[in-house]
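Notes for the one structure printed next.
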Amino acid sequence: MLEKIIKVGNKIELRRITAGGRETNSGKYYVSSVCEVYDDNRIGIMMPIEHGQIISLEPDERYKLCFYTENGLFQCKTVIKERFKKDRLYIAVCKFTSDLEKLQRRQFFRIGCLINIKYRLVDCMKRDPETELPGPWRSATAIDISGGGMRFNSDEYRSNDSKYEIEFDIPINNLMSHLKVVGRIVYISDTVNRSGMFEYRLEFTVIEPKQREMIVRFVFDEERKRRSKDI
């Protein structure tokens, strides 16, 4: 039964897809949560909110949903069947059009953000640490982050599996904490409407458990603040 896997309150990532199942908008995604679970392969989800604005999910639009559950990550394809307002909340009813599929990647919820970072290539340090130096520090802005990695834009192109050292600050308990991690590029794509810029998706490969916990706490604190403010 659906309710044995999906629970009210589970976080969701939504990606718009075509009728053929292909993703649109170059990987653009929204964040929401489950607010109703029905018994006929339907769920009710909160309308996503971005930059303080409600993202309207229209009937017959199709989305791929990724659920963050107690038993790991699951995904499926859905179509929007209806939408309504209940107790000041805007809800969309999604009908599953595929079976739930369990994903193998780490269970980390992510959130869109703007965080100034410094990064430099460190692959060369592994080839000949006595004669090679790490690349120069460069500046960028992370556009989302999770306990498992981050996404940011850069004007240089590097191949997948290149490794970077990254430094950045995040607020924890109203104090700024400095973090230094190493990450591996898992995907690079052209950015939309920005010629000569590339979007990096990076997985943290060297990170202290305490630092990962700090990032996870930051992500959920931010999501809770935004949801409370928008409601």
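The values are calculated or read from the model by the stated rules, or taken from the named source; none is laboratory data. Keep in mind the model is a prediction, meaning the values are calculated, not measured. No Cβ is skipped: glycine too gets one built from the backbone with ideal geometry, and neighbour counts run over all protein chains shown.
For residues in the range 171-189 being surrounded by fewer than 13 Cβ atoms within 10 Å (Cβ to Cβ) and at pLDDT below 90, which is nearest to M214 (Cα to Cα)?
N173
From the set of residues in the range 136-149 that are among the β-branched types (V, I, T) and surrounded by 14 or more Cβ atoms within 10 Å (Cβ to Cβ), which is farthest from I215 (Cα to Cα)?
Here the answer is I143.
Checking Y30 against (1) surrounded by fewer than 16 Cβ atoms within 10 Å (Cβ to Cβ); (2) at pLDDT below 90, which test does it fail?
(1)
Show the residue pairs that are 6+ apart or on different chains and have beta-carbon atoms under 7 Å apart, the first residue being within the range 144-165 and among the hydrophobic types (A, V, I, L, M, F, W, C), the second being part of a loop (DSSP other than H, G, I, E, B).
Hits for this filter: I145/R110.
Taking the conditions exactly as written (of a type in the set (D, E) and modelled with pLDDT of 90 or more), does E82 satisfy them or not?
Details: of a type in the set (D, E): yes; modelled with pLDDT of 90 or more: yes.
Judged against the criteria, E82 is a match.
Per-residue answers, yes or no, for (1) crowded, with 17+ Cβ neighbours inside 10 Å; (2) of a type in the set (V, I, T):
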| residue | (1), (2) |
| --- | --- |
| I6 | yes, yes |
| T18 | no, yes |
| E36 | no, no |
| R42 | no, no |
| L103 | no, no |
| F108 | yes, no |
| L114 | no, no |
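Those residues that are assigned to a loop (DSSP other than H, G, I, E, B) and either modelled with pLDDT under 90 or at positive phi (or both), I need them from the range 112-149; list them, please.
Step one: of the range 112-149, the residues assigned to a loop (DSSP other than H, G, I, E, B) are 122, 128-137, 147-148.
Correct list: V122, D128, P129, E130, T131, E132, L133, P134, G135, P136, G147, G148.
Given the structure, is T78 of a type outside the set (F, W, Y) and either assigned by TED's automatic domain parsing to the domain that holds D190 or out of contact with any Phe, Trp or Tyr (no Cβ under 9 Å at 6 or more places or on another chain) (or both)? Steps first, please.
On the way: of a type outside the set (F, W, Y): yes; either assigned by TED's automatic domain parsing to the domain that holds D190 or out of contact with any Phe, Trp or Tyr (no Cβ under 9 Å at 6 or more places or on another chain) (or both): no.
Criteria not met by T78.
I'd like to check something: does the range 194-210 contain any residue that is surrounded by 14 or more Cβ atoms within 10 Å (Cβ to Cβ), outside any strand (DSSP E or B) and modelled with pLDDT under 80?
No, the range 194-210 has no match at all.
Which one of F168, F152 is within 21 Å of G196 (Cα to Cα), modelled with pLDDT of 90 or more and surrounded by 16 or more Cβ atoms within 10 Å (Cβ to Cβ)?
F152
Taking I12, is it in contact with a helix residue (DSSP H, G or I) (Cβ under 6 Å, 6 or more places away or on another chain) and surrounded by 12 or more Cβ atoms within 10 Å (Cβ to Cβ)? It would help to see each step written out before you state the result.
Values: in contact with a helix residue (DSSP H, G or I) (Cβ under 6 Å, 6 or more places away or on another chain): no; surrounded by 12 or more Cβ atoms within 10 Å (Cβ to Cβ): yes.
No.
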